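Peer 1: The structure follows.
The values are calculated or read from the model by the stated rules, or taken from the named source; none is laboratory data. Note that the structure is a prediction, hence the values are computed from the model and not measured. Reconstructed Cβ throughout: ideal geometry from the backbone, glycine too, with neighbour counts over all protein chains shown. These accessible areas exclude ligands, DNA and RNA; they are computed on the full protein's heavy atoms, side chains included. Shrake-Rupley method; radii C 1.70, N 1.55, O 1.52, S 1.80 Å.
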Amino acid sequence: MEMNLENLKIVYTPAEEDIFNSNIYRILKEENINYQEFYEKSIKDEDWFWKRFFNDIQFKWIKYPDKIVEKDGLNTKWFLGGILNISSNCLDAPKEKIAVIDVDENLNEVIISYGQLEIMVNKLANFLANSGIGVGDRVALYMPLCYESVVCFLAIARIGAIVVPLFSGFGKDSINIRLKASKSKMVISFTSNLRRGKLIDMKNILFSAIDDTFVEKILFIDRYDDYGKYQRYDKVKIYYYDEIEDCASNIKVPYFSSDHPLMIIYTSGTTGLPKGILHFHAGFPIKASQDMFHVFDIKQNDVVTWITDIGWMMGPWLIYGTLINRATIFIYNGSPDYPDVDIIWKLVDKYGVTCVGLSPSYVRAISTRSQVERMELNSLRMVGSTGEVWDEHHWNWVFQKVCKNKKPIINYSGGTEISGGILGNVIVKPIKPLSFNTVVPGIEADVLDDSGKSVRGEVGYLCVKNHNPGMATTFLDDHQRYIDTYWSRFENVWFHGDLAYVDKDDFYYILGRADDTLKIAGKRIGPAEYETIINDIEGVRESAVVGAPDELKGMVPVAFVVIDSHSEDDIKKQIISKIIEMLGKPFALKDVFFVEDLPKTRNFKIMRRILRDIVVYGYIKGDTSNLVNPEVCEKIINKVKRVSL
């Protein structure tokens, strides 16, 4: 694949008008520097960079920090002496400007101005305080990404409590684990949610999940049901969302230090319990808004959406980043291919959405059925992408059909632990398929080999050599696990866990997770090298390749493939022969399993770790709570059991 990457050509070159109107160009012009000089200054002079950013977006502090950064090994501190309440920064826009547009599967819409949002936030904040929620208390959210979740995020922050967002598709065990670990005192939950035309009973899932937790109160939000038909539940105090209407619409906003806790968000671990990451008022939201400003070029007239959930980083990232930049959040609260495969793109046209964030798996799922090429999508400025590795076919499909060969794909890769991106694309520079044309400003990233040496033209590990306000400082109640995960591989270097490659033109590529790497015939190879070839075969919808143990070779590759209505035997022959043709006989597949679906998270990320567990152990060892389709796992296990690897 290294040779294939080196052969990729630039396909997007920014128009002069787009460059001249960009946020970054204004900085370059005022500072009389070029982009590379800007990037280098962003990592060498943190004081200049962050002061410049705060000035650029007119970020308001109650008390400006005495010091931007204080470095002390791993205990780097940011914005010392600063006083703020991040909810105020999220509401600092003209009152009449649209803050949130929410559309559900029935195409019911809710449009909220910044002024209306502030009233809603104040009322809920007063309600929470009146019901006994105080500074530092943890309040979990069990609901989809929706306008109510936006209100909840800001109201909880407003009173100094800590928000704990949960994936709206979680079952009782996954909820219970996170409620216990976070010591959540209250849950704000939908009673039910609409998905693919059916009501999902969230209320009773939650009731079954709160035993042996610290939960004392539940506030229910009712969109689709009648509160009155529910039976009483005596274990906790129950409130209903319409009760907040009686609360005052004004509030004396309290203010906090920069490092006041804001959010505990969970990310899955490869083994054991999910990792709880604590973020702060002057951490995650500032990094999210900075990435939106520099990487996505978001301005106040933009309308931004992302196919995601509040339980994934991109949900809170969308909320904080968009509002701090005084733009508009667009939310489709529904399955992204329902009631028809192009619902997202129809809504883009209807509501003037300018930035759509998606995952490659979403594209693979719709590309054979979509007719998006017939739509004009005139409002769209860019497509964002995160969550997993692209294959060239589907990247080009988006660039041609959605972006019309004129608008950029902003590839964006980082993580919950970073509060945003490590690598990205900026619109002032050319873009190759699959690539990242920059390290995100403010981040000093590199690709290192096993010895910690910087490498170009070969696969290595993506690492970060500096600190950032959004960088996690610990795992909740498990600091040693945090150290072991990120700081133990190389001295004073953040090991992010992704395989990466830098080509001769300094374009970066993500090749997958390091723990997904296969070592075949003595050579380290990423699953994307196989999957790109397989996904290009007619009839293949998507694939995932993992390593299986082999007594003779140590490891052999195994493919899991989802196909359309084609002959399995014919496609299997094509896959096996094409892999040998493109990669060589030593890298031949051991077997190909045809499955109904691949295990995925809500944002369509394929969980190769699950497949690897199945072929190695015959069962799943790690955390599965983030799966949106756990029912496929047993089917895959049974299929693999029928074949001796």
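Peer 1: Compute the Cα gyration tensor for the stretch 140-185, then decide on rounded, prolate or oblate, letting a ≥ b ≥ c be the square roots of its eigenvalues: rounded whenever a/c is under 1.5, prolate when a/b is larger than b/c in the other cases, and oblate in all that remain.
Peer 2: It is oblate, given that a/c is not under 1.5 and a/b is not larger than b/c.
Peer 1: What order do you get for 474-481, 532-539 when each peptide is scored by the mean count of other beta carbon atoms within 10 Å, highest first?
Peer 2: Per-residue Cβ counts within 10 Å, averaged per peptide and sorted highest first, yield 532-539, 474-481.
Peer 1: Here's something else I'd like to know. Taking amide H atoms as placed 1.01 Å from N in the peptide plane, list the residues 5 or more away in sequence, or in a different chain, whose amide H sits under 5 Å from that of Asn85.
Peer 2: Excluding prolines and chain starts, which carry no amide H, the hits are Ile62, Phe256.
Peer 1: At a probe size of 1.4 Å, how large is the accessible area of Val110, to the nearest 10 Å²?
Peer 2: 50 Å²
Peer 1: What are the ³J(HN,Hα) couplings of the stretch 299-313, residue after residue, when phi is run through the Karplus curve with 6.51, -1.76, 1.60 and θ = phi - 60°? Round to Hz, x for glycine and proline.
Peer 2: 10, 5, 8, 7, 10, 10, 9, 8, 7, 7, 9, 5, x, 9, 3
Peer 1: Ala588 to Val236: extension gain in nm, 0.36 nm per residue of separation minus the Cα-Cα distance?
Peer 2: Length difference between fully extended and current span is 121.0 nm.
Peer 1: Okay, moving on. For the stretch 182-264: lysine pairs with Cα atoms under 14 Å, gap of 8 or more or different chains, count?
Peer 2: Count of close lysine pairs: 10.
Peer 1: Near the amide H of Gly420, under 5 Å away, which other amide H atoms are found, from residues 5 or more places off or on another chain, if H is placed in the peptide plane?
Peer 2: Gly415
Peer 1: May I ask you to derive the FRET efficiency for Lys172 and Ile537 from their Cβ-Cβ distance with R0 = 41 Å, giving the value to the nearest 0.05?
Peer 2: 0.50
Peer 1: With each run of n ≥ 4 DSSP H residues scored as -39500 (n - 2.57), what mean residue ellipticity at 222 nm is computed for the chain after dividing by its residue count and rounding to the nearest 500 deg cm²/dmol?
Peer 2: About -8500 deg cm²/dmol.
Peer 1: Where does the Debye-calculated log10 I(q)/I(0) of the stretch 1-119 sit at q = 0.12, 0.14, 0.16 Å⁻¹, using only Cα point scatterers of equal weight, no solvent?
Peer 2: Scattering profile of the stretch 1-119, log10 relative to I(0): -0.81, -0.96, -1.04.
Peer 1: Among Leu380, Asn75, Ser289, whose Cα sits farthest toward the positive end of the charge dipole of the chain (+1 at Cβ of Lys/Arg, -1 at Cβ of Asp/Glu, about the Cα centre)?
Peer 2: Asn75
Peer 1: Something else about it: Test of understanding: express the Cα radius of gyration of the stretch 561-645 as a ratio to 2.2 N^0.38 Å, with N the residue count.
Peer 2: 1.17
Peer 1: If you don't mind, another one. Run the accessible area of the chain with a 1.4 Å probe and give the carbon-and-sulfur part as a rounded percent.
Peer 2: 47 percent
Peer 1: Follow-up. Taking only protein heavy atoms into account and a 1.4 Å probe, give the accessible area per residue of the chain in Å².
Peer 2: Heavy-atom SASA per residue in the chain reads 38 Å².
Peer 1: Rounded, prolate or oblate for the stretch 425-495? Axes are the square roots of the Cα gyration tensor eigenvalues, ordered a ≥ b ≥ c, and the cut-off for rounded is a/c under 1.5.
Peer 2: Oblate, since a/c reaches 1.5 and b/c is not below a/b.
Peer 1: Could you go through the stretch 427-443 in sequence order and give the Karplus-derived ³J(HN,Hα) for each residue, using 6.51 cos²θ - 1.76 cosθ + 1.60 with θ = phi - 60°, rounded to whole Hz, and x for Gly and Pro?
Peer 2: Once rounded to whole Hz, the list reads 6, 8, 10, x, 9, 9, x, 6, 8, 10, 8, 7, 6, 4, x, x, 10.
Peer 1: Let me ask something additional. Determine the sum of side-chain charges near Trp494: Lys and Arg each +1, Asp and Glu each -1, restricted to other residues whose C-beta is under 12 angstrom from that of Trp494.
Peer 2: -3
Peer 1: Here's something else I'd like to know. Using the Cα gyration tensor of the stretch 133-279, with a ≥ b ≥ c the square roots of its eigenvalues, what is the shape: rounded (a/c below 1.5), prolate (a/b larger than b/c) or oblate (neither)?
Peer 2: In terms of gyration-tensor shape, oblate.
Peer 1: Which aspartates and glutamates, on any chain, are close to Lys590 with Cα under 19 Å apart, when same-chain ones fewer than 8 places away are left out?
Peer 2: Answer for Lys590, where 19 Å is the Cα cut-off: Asp516, Glu529, Glu531, Glu542, Asp550, Glu551, Glu568, Asp569, Asp570, Glu581, Asp613, listed by chain and number.
Peer 1: Looking at Ile175, Gly547, Ile307, which one has the Cα that reaches farthest to the positive end of the dipole of the chain (charges on Cβ: Lys, Arg +1; Asp, Glu -1)?
Peer 2: With unit charges placed on the Cβ atoms, the residue in question is Ile175.
Peer 1: Taking every pair of distinct Cα atoms and averaging 1/r, then inverting, what Kirkwood hydrodynamic radius in Å comes out for the stretch 1-59?
Peer 2: Kirkwood hydrodynamic radius for the stretch 1-59: 13.7 Å.
Peer 1: With N set to the number of residues, divide the alpha-carbon radius of gyration of the stretch 52-172 by 2.2 N^0.38 Å and report two decimals.
Peer 2: 1.25
Peer 1: Across the stretch 200-213, in residue order, what do the Karplus-derived ³J(HN,Hα) couplings come to in whole Hz, using 6.51 cos²θ - 1.76 cosθ + 1.60 with θ = phi - 60° and x for Gly and Pro?
Peer 2: 9, 7, 7, 4, 6, 4, 5, 4, 6, 9, 9, 4, 6, 10
Peer 1: Between Lys635 and Lys573, what FRET efficiency comes out of the Förster formula 1/(1 + (r/R0)^6) with R0 = 30 Å and r the beta carbon distance, rounded to 0.05?
Peer 2: 0.80
Peer 1: Moving on. For a protection proxy built on the mean count of beta-carbon atoms within 10 angstrom, sort 249-261, 311-323, 430-442, 586-598 highest first, please.
Peer 2: Result, highest mean Cβ count within 10 Å first: 311-323, 430-442, 586-598, 249-261.
Peer 1: Another one. If packing is taken as the mean number of other Cβ atoms within 10 Å per residue, what is the order of 635-641, 68-74, highest first?
Peer 2: 635-641, 68-74
Peer 1: Distances over 42 Å make up what percent of all Cα-Cα pairs in the chain?
Peer 2: That tail contains 21 percent of the Cα-Cα pairs.
Peer 1: While we're looking at this one, here's another question. Modelled label-to-label distance, Asp56 and Lys71, 7 Å Cα→beta-carbon offset: nm?
Peer 2: The two pseudo-label positions are separated by 2.1 nm.
Peer 1: Hydropathy at least -1.0 by Kyte-Doolittle, axial extent at least 18 angstrom from the Cα trace: which helices of the chain, defined as entire DSSP H runs, fit?
Peer 2: Flagged H segments are 114-130, 568-583.
Peer 1: Moving to a separate point now. Holding the Cα-Cα limit at 21 Å, pick out from Lys350/Lys429; Lys275/Lys600; Lys465/Lys621 the pairs that are longer than that.
Peer 2: Listed pairs above 21 Å: Lys350/Lys429; Lys465/Lys621.
Peer 1: I would also like to ask the following. Express the C-alpha Rg of the stretch 392-461 as a ratio against the empirical globular expectation 2.2 N^0.38 Å, rounded to two decimals.
Peer 2: Normalised Cα radius of gyration, the stretch 392-461: 1.27.
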